[in-house]
Structure formats: C-alpha cells, structure tokens
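A.B. asks: After the structure tokens below, expect a handful of questions from me.
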Amino acid sequence: MTAAGICSFALLYAPQPVLPQLADQFALGPGKASLAISVATGALALAVLPIAVLSEVVGRRPIIVASVLASALLGLLLPFAPSFEVLLVLRVLQGVAIAGFPGVAAAYLVEQLGKAGVAAAVGAMIAGNTVGGMSGRLVSGFTTDWLGWHGALAAVAAVSLACALLTVVTLPHPPAHIRKRGSFAIAKRQQSSLAHERRRGGRLRSVLGGLGEAVRKPVLLAQYAVGLLGMGAFVGLYNAAGFRLTGEPLDLSPAIASLVFLAYAMGAVSSVTSARLVARFGRRRSQLAALAVTAAGAAMTLPDSLPFVIAGFLVLTAGFFAVHSIANGWTAVEAPEHARGQASGLYTLAYYLGSSIGGTLGSVVYGSLGWPVLIATVGGWLAAAAVASTLATRTSSPAMVTANAGS
C-alpha cells in the first residue's frame with residue numbers, strides 16, 4: 001500500500017514544481033498553468049465514485065493493481081506531449097487511472113485489518129501517500145534545471161513504475177470471506193441466465209442502497225465538506241508557491257524553490273500521530289485543532305521573508321494532513337458496512353474536487369490579487385470546514401457524540 005501511494009501521488013502532483021516552466025514555454029498565466037494539476041485531480045474526483053462502486057463487485061485489490069500500472073504507463077507518455085492541450089488530455093486520463101487507488105484504499109484497509117486498527121492504518125497509509133507526493137515534487141523540482149520539464153516528468157514516471165511493479169508483486173489478497181462477498185455478482189456456470197440477472201440486479205440495488213446510506217448521515221456529509229474545503233486550501237497554496245518563490249522578491253531557482261516540498265515530511269509525521277490525538281481528545285476536537293493549525297501556518301507565510309514562508313508551509317502541511325487523516329478515518333468508521341466503499345468514494349470525490357477547484361481558484365486569485373488575498377481566501381475555506389465539522393457532531397445523537405469523543 002505504501003508503494004501504491006508513492007506511485008499514485010508522485011504522479012498526481014509531479015507537475016506542480018514545474019508550473020512556472022510550463023507557463024513560460026506555453027505562454028500561460030498561473031491560473032491556466034495550474035490546469036496541469038486541476039484537470040487530473042478533477043478527473044480523479046469524477047472517476048473515483050464509479051470505480052469505488054465497481055470495487056464492490058470485482059474487489060479492491062484488482063482495482064488498485066490496475067490503477068497503479070495504468071497511471072505509471074501514462075506518466076511515461078507525458079514528456080512527449082507536443083502541446084499543452086495534449087498534455088492536459090493525458091493528465092485527464094492519468095487522473096482517471098489514479099482514481100482507483102485513493103477511491104478504495106481506506107475500504108481495503110478496513111477489510112484487511114478491521115475497524116479496531118483503521119485509525120493507525122489509515123494514518124500510516126496517508127503517510128505513505130505523503131512520501132509519494134513529496135518525492136514526486138522533489139524529483140521533478142530538482143531535475144528541472146538539468147533536464148527541463150520533460151526530463152523531470154520522465155524521472156518521476158520511472159520511479160512510479162518501479163513502485164507500481166512492487167505493488168503488483170506484494171499487495172496482499174483480501175481475506176476469504178471478503179473474496180466470497182466480492183464475487184457475489186459472478187454467476188456460477190450451472191446457474192441459468194435468469195438467476196444470473198436476478199443476482200446482478202440484487203447486487204446493483206445493494207450498491208445503490210449503500211450509496212444512499214453514505215449521503216444520509218450528517219457526520220459523513222461533514223467529512224466530505226472538510227475534505228473538499230481543506231484540500232482546496234492546501235493545493236491552492238502549493239500551486240501558487242512555485243510562482244511566489246521563483247518570482248520577486250524571493251527570486252529562487254526552481255531547484256531551490258522545490259525544497260518547500262520537504263514540508264511534506266511534516267505531513268507524514270502528523271498523519272501517523274493524528275491517531276494518538278483522536279484517542280486522547282476525540283475526533284471533533286482533534287479535527288478542529290488541526291484546522292486551526294493549518295490556518296495559522298497559512299498566515300505565517302504572509303511576510304516576504306523566506307524563513308517565515310518555510311516555517312509557515314511546515315506548520316500548514318502538518319495541520320492539513322492531520323485534518324485529512326482524521327476525516328478519512330472518521331468516514332471509514334462511520335460508514336455502514338455495506339456502504340463503506342461508497343462512503344470512501346464520496347470522501348475521495350469531495351477531496352479531489354477540492355484539489356481541482358481550489359487549486360485553480362487559488363492560482364487565479366494569486367495571479368490577479370496577490371498572496372495576501374489568497375491567504376484570506378483559504379482562511380475562509382478552512383473556517384467553513386470547521387463550521388461543518390462542529391454542526392455535524394452537534395446534530396448527532398448523544399450516544400454518537402460520546403463514542404466519537406472516546407474513539
């Protein structure tokens with residue numbers, strides 16, 4: 001799962017450090033250049049729910065394996081894109097391919113380990129995802145000066161293909177009872193075609209019923225909102241970071257500017273430790289505190305001082321990945337068993353819609369109005385996420401609130 005996360009997230013965000021170079025080559029503004037990220041995350045968001053539903057029928061492991069192989073192979077094609085439009089088409093296809101991993105990963109872990117271990121397991125998985133996101137950005141950022149953006153994306157694709165092959169070889173098969181349930185829709189050879197159609201229809205009704213359950217619980221809706229708003233704020237800031245760091249007055253080289261992505265190491269740490277915070281303070285209080293830390297980190301980047309900017313990205317990254325880890329684990333635990341895949345898919349859909357919409361809006365705001373207005377904008381998004389989390393838990397039953405506080 002760590003290898004799959006490295007593969008998926010290294011590929012998804014590899015173009016982020018080279019956005020200024022893409023803008024220069026294709027004569028683009030920050031907002032249009034950011035589409036290299038946004039079209040992939042948007043395609044991921046739209047594809048993730050159908051793929052999550054498909055995983056209820058074919059199983060989680062085949063989806064994950066197909067996802068990492070297809071996304072890595074598409075990554076090898078990106079450096080050969082003759083125009084920005086062709087690059088965007090390839091990124092859309094890559095986003096669809098990548099959707100298979102985040103869309104089913106949490107549900108896969110719950111089925112492998114059970115609910116008792118899901119908080120720590122999801123935290124560890126997100127830590128691996130964080131390493132992937134950081135390594136992809138660092139590899140492309142460091143190699144841009146020597147190889148150009150073409151060679152930088154090729155280097156990330158090569159690393160990702162190695163991780164994809166490792167995933168294929170090592171990813172455990174699900175327990176026997178899960179395999180049996182996952183093959184529910186496969187008719188036995190001796191069954192009549194009529195019985196086969198009835199079975200398929202029953203499975204479809206079950207899947208659609210689970211989707212309905214996944215949108216009825218306020219606490220689940222709140223986590224979808226937290227994922228959308230938090231991710232929008234986070235990617236909006238990181239998309240604009242390259243332009244700010246390589247422009248006046250900081251004026252850093254692309255390789256040096258890419259060092260800001262080392263802040264992702266803080267995300268790996270906070271993803272793992274968030275489970276301890278949840279165990280001690282409860283999910284709601286931990287999530288609100290993590291949102292506050294994210295907003296504080298964003299505010300720290302306001303001065304035109306490199307130490308403040310670096311410190312701010314460290315703090316906001318630690319806060320955001322704690323937010324994400326708590327929300328993702330909360331979704332997996334609160335989802336009804338028969339709707340776990342659908343709830344995971346909806347959370348991932350909201351999360352990457354936030355990346356796509358927030359990433360582009362953030363870049364447009366920065367290009368038009370500057371960094372301080374961008375900070376004020378993402379601060380508003382984070383405040384809205386905190387309101388959603390608070391209102392959902394207040395409308396839950398007392399028993400549920402008590403359970404959330406101690407889990």
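The values are calculated or read from the model by the stated rules, or taken from the named source; none is laboratory data. Keep in mind it's a predicted model, so treat the numbers as computed, not measured. Here the Cβ positions follow ideal geometry from the backbone for every residue, glycine too, while neighbour counts run over all protein chains shown. Calculation scope for accessible area: heavy atoms of the full protein, side chains included, ligands and nucleic acids excluded. Shrake-Rupley method; radii C 1.70, N 1.55, O 1.52, S 1.80 Å.
A.B. asks: Before I look further, what does region 1-159 give for accessible area per residue, probe 1.4 Å, in whole square angstrom?
C.D. replies: Roughly 31 Å² per residue, with all protein chains present.
A.B. asks: Can you give me the angle between helix 35-58 and the longest principal axis of the chain, using Cα atoms only, in degrees from 0 to 90, rounded to the nearest 10?
C.D. replies: Approximately 10 degrees, to the nearest ten.
A.B. asks: Here is a follow-up. For the chain, calculate the relative contact order in percent as a whole number, restricting contacts to Cα pairs under 8 Å that are 6 or more residues apart.
C.D. replies: 27 percent
A.B. asks: Can you send over the solvent-accessible area of Ile357, 1.4 Å probe, protein chains only, in Å² to the nearest 10?
C.D. replies: It works out to around 90 Å².
A.B. asks: Separate question: Does region 312-375 come out rounded, prolate or oblate, given a ≥ b ≥ c as the square roots of the eigenvalues of its C-alpha gyration tensor, rounded meaning a/c under 1.5 and, failing that, prolate meaning a/b above b/c?
C.D. replies: oblate
A.B. asks: With everything on Cα atoms, drop me the angle between helix 264-281 and the longest principal axis of the chain, reported from 0 to 90° to the nearest 10.
C.D. replies: With both axes taken from Cα atoms, the answer is about 50 degrees.
A.B. asks: Further question: Please give me the summed charge of the neighbours of Leu171: other residues whose Cβ is under 11 Å from its Cβ, Lys and Arg +1, Asp and Glu -1.
C.D. replies: Summing Lys/Arg as +1 and Asp/Glu as -1 gives +2.
A.B. asks: Under a 1.4 angstrom probe, counting protein chains only, how are Cys163, Cys7 ranked by accessible area, largest first?
C.D. replies: Listed by decreasing accessible area, they come as Cys163, Cys7.
A.B. asks: Oh, and also: Which entry in [x] 174; [y] 126; [z] 134 matches volume of the Cα convex hull per residue in Å³ derived from the coordinates of this structure?
C.D. replies: [y]
A.B. asks: Helix 84-98 versus the longest principal axis of the chain: what angle, 0 to 90°, nearest 10, using Cα atoms?
C.D. replies: Between helix and principal axis, roughly 40 degrees.
A.B. asks: Ignoring any ligand, DNA or RNA, what whole percent of the accessible area of the chain comes from carbon and sulfur when the probe is 1.4 angstrom?
C.D. replies: Of the solvent-accessible surface of the chain, carbon and sulfur hold 71 percent.
A.B. asks: Taking all protein chains together and a probe of 1.4 Å, list Lys217, Lys32 from the most accessible to the least accessible.
C.D. replies: The residues order as Lys32, Lys217, largest area first.
A.B. asks: For region 237-305, what does the alpha-carbon gyration tensor say about shape, rounded, prolate or oblate, given a ≥ b ≥ c as the root eigenvalues, a/c under 1.5 as rounded, and a/b over b/c as prolate?
C.D. replies: It comes out prolate by the Cα gyration axes.
A.B. asks: Between Leu165 and Leu250, what length comes free when the chain is fully extended (0.36 nm per residue of separation minus the Cα-Cα distance, one decimal in nm)?
C.D. replies: 26.6 nm
A.B. asks: Can you tally the net charge around Ser67? Count Lys and Arg as +1, Asp and Glu as -1, for every other residue whose Cβ sits under 11 Å from the Cβ of Ser67. Intermediate results must be reported in sequence, preceding the final value.
C.D. replies: Values: positive: Arg60, Arg61; negative: none.
Here the charged neighbours net out to +2.
A.B. asks: Further, regarding this structure: Using a Gaussian network model of the chain whose springs link C-alpha atoms within less than 10 Å, name the residue from Val378, Val387, Val333 with the highest mean-square fluctuation.
C.D. replies: The residue with the greatest mean-square fluctuation here is Val387.
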